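Enquirer: The structure's right below; bear with me while I get my questions together.
The values are calculated or read from the model by the stated rules, or taken from the named source; none is laboratory data. Quantities reported herein were computed from a predicted structural model and do not represent experimental measurements. For neighbour counting, all protein chains shown are included, and Cβ atoms are generated from backbone atoms with ideal geometry for every residue, glycine included.
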Amino acid sequence: MYARFYHPAKIAIGQLIELSDGNKHHAARVLRLKKGDAITIFNDHGGEFSAHIENISKSSTTVLIDAHHDMDCESPLDITLAQAICVNEKMDWIIQKAVELGVTSIQPVTTARSIVHLSDERSSKRLQHWQKIIISACEQCGRNHLPQILPLILLPEWLSNKKATQSSHDLNLMLSTTATESLRNIPQPPASTHIALLIGPEGGFTQEEEVAILHTGFIPARLGKRILRTESAALAAISALQALWGDF
């Protein structure tokens with residue numbers, strides 16, 4: 001697979017595109033690309049473009065768009081990962097791997113036992129950081145659509161919004177160590193179903209939170225008999241959903 005770069009603008013065949021500073025550095029200093037080398041460009045509007053390096057230097061890297069290819073590798077499952085926010089390295093890892101595993105969107109939530117609490121300013125900066133991780137993950141794994149990263153929200157507020165807007169066809173799942181039902185025993189939903197997967201923090205949800213989650217229509221489910229860390233639980237659950245109903 002050729003080196004892939006995200007370009008957040010309109011792309012047309014025959015167009016000369018200037019790579020962003022970050023992509024320019026990656027192309028020249030990390031990948032050591034040279035004039036004439038083939039690359040792939042995508043812009044989140046479906047499909048991807050084959051292109052080649054027209055000029056590359058310390059100050060500028062331009063590429064010429066050769067052709068469009070109507071191809072995507074999106075999962076058939078529409079999954080929103082609602083992840084209790086955790087320390088930076090773990091949260092970055094979860095977002096990166098969730099993108100690779102095919103989620104449609106990621107909703108960070110703050111819970112009563114969340115170790116990390118961000119101010120509005122820090123939350124905005126983290127959102128920008130997470131967006132860069134999503135772009136990088138899509139470049140690496142071959143996705144041509146960027147999963148949406150939603151602003152950090154308090155769990156009660158997210159549950160309230162979800163209760164007011166969700167469809168009766170939505171499938172809401174909460175991983176819980178006390179659940180009696182295994183994920184594999186849940187009936188396969190229709191193809192158009194939106195799946196919300198809620199993962200708690202390191203210390204788990206409080207009893208009050210679990211009651212509120214259940215009242216919102218979430219089904220508690222477990223993954224085996226072992227207790228997983230929050231970063232393991234999210235990725236294991238997404239992988240299981242893809243294996244059961246998706247494209248694994």
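Enquirer: Could you list, in sequence order, the residues of the stretch 44-84 that are more than 30 Å from residue 166 (Cβ to Cβ) and buried (at least 18 other Cβ atoms within 10 Å of the Cβ)?
Expert: Matches in the stretch 44-84: 48, 49, 51, 53, 56, 61, 63, 65.
Enquirer: Right, something else. Considering only residues of the stretch 103-136 that are among the hydroxyl-bearing types (Ser, Thr, Tyr) and within 9 Å of the chain's Cα centre (by Cα), which is farthest from residue 198 (Cα to Cα)?
Expert: My answer is 104.
Enquirer: Applying the selection to the stretch 214-232, what residues are within 25 Å of the chain's Cα centre (by Cα), modelled with pLDDT of 90 or more, over 15 Å from residue 81 (Cβ atoms) and not hydroxyl-bearing (Ser, Thr, Tyr)?
Expert: Residues satisfying the conditions are 214, 217, 219, 220, 222, 229.
Enquirer: When you scan the stretch 1-102 for strands (runs of 3 or more DSSP E) that lie fully inside it, which ones turn up with 2 or more residues that are under 24 Å from the mean Cα position of the chain (by Cα)?
Expert: 3-6, 38-42, 48-56, 78-84
Enquirer: Now for a different question. So which residues in the stretch 34-68 are closer than 15 Å to residue 5 by Cβ and hydrophobic (A, V, I, L, M, F, W, C)?
Expert: Those that are closer than 15 Å to residue 5 by Cβ and hydrophobic (A, V, I, L, M, F, W, C): 38, 39, 41, 42, 49, 51, 53, 56, 63, 64, 65.
Enquirer: Now for a different question. Does residue 87 satisfy the criteria of being closer than 26 Å to residue 44 by Cα, of a type in the set (A, V, I, L, M) and in contact (Cβ under 8 Å) with a residue 24 or more places away in the chain?
Expert: So residue 87 does not fit the description; no.
Enquirer: A further question on this structure: Search the stretch 11-22 for residues that are within 13 Å of residue 50 (Cβ to Cβ) and pair each with any residue that is of a type in the set (Phe, Trp, Tyr) when their beta-carbon atoms are under 7 Å apart and the residues are at least 6 apart or on different chains.
Expert: 11/49
Enquirer: Is it the case that the stretch 45-63 has a residue that's among the polar types (S, T, N, Q), in contact with a Leu (Cβ under 7 Å, 6 or more places away or on another chain) and more than 23 Å from residue 229 (Cα to Cα)?
Expert: Yes; the residues of the stretch 45-63 include at least one that is among the polar types (S, T, N, Q), in contact with a Leu (Cβ under 7 Å, 6 or more places away or on another chain) and more than 23 Å from residue 229 (Cα to Cα).
Enquirer: Residues that are under 20 Å from residue 98 (Cα atoms), of a type in the set (Gly, Ala, Ser) and in contact with a helix residue (DSSP H, G or I) (Cβ under 8 Å, 6 or more places away or on another chain): does the stretch 192-203 have at least one?
Expert: The answer is yes, given that some residue of the stretch 192-203 is under 20 Å from residue 98 (Cα atoms), of a type in the set (Gly, Ala, Ser) and in contact with a helix residue (DSSP H, G or I) (Cβ under 8 Å, 6 or more places away or on another chain).
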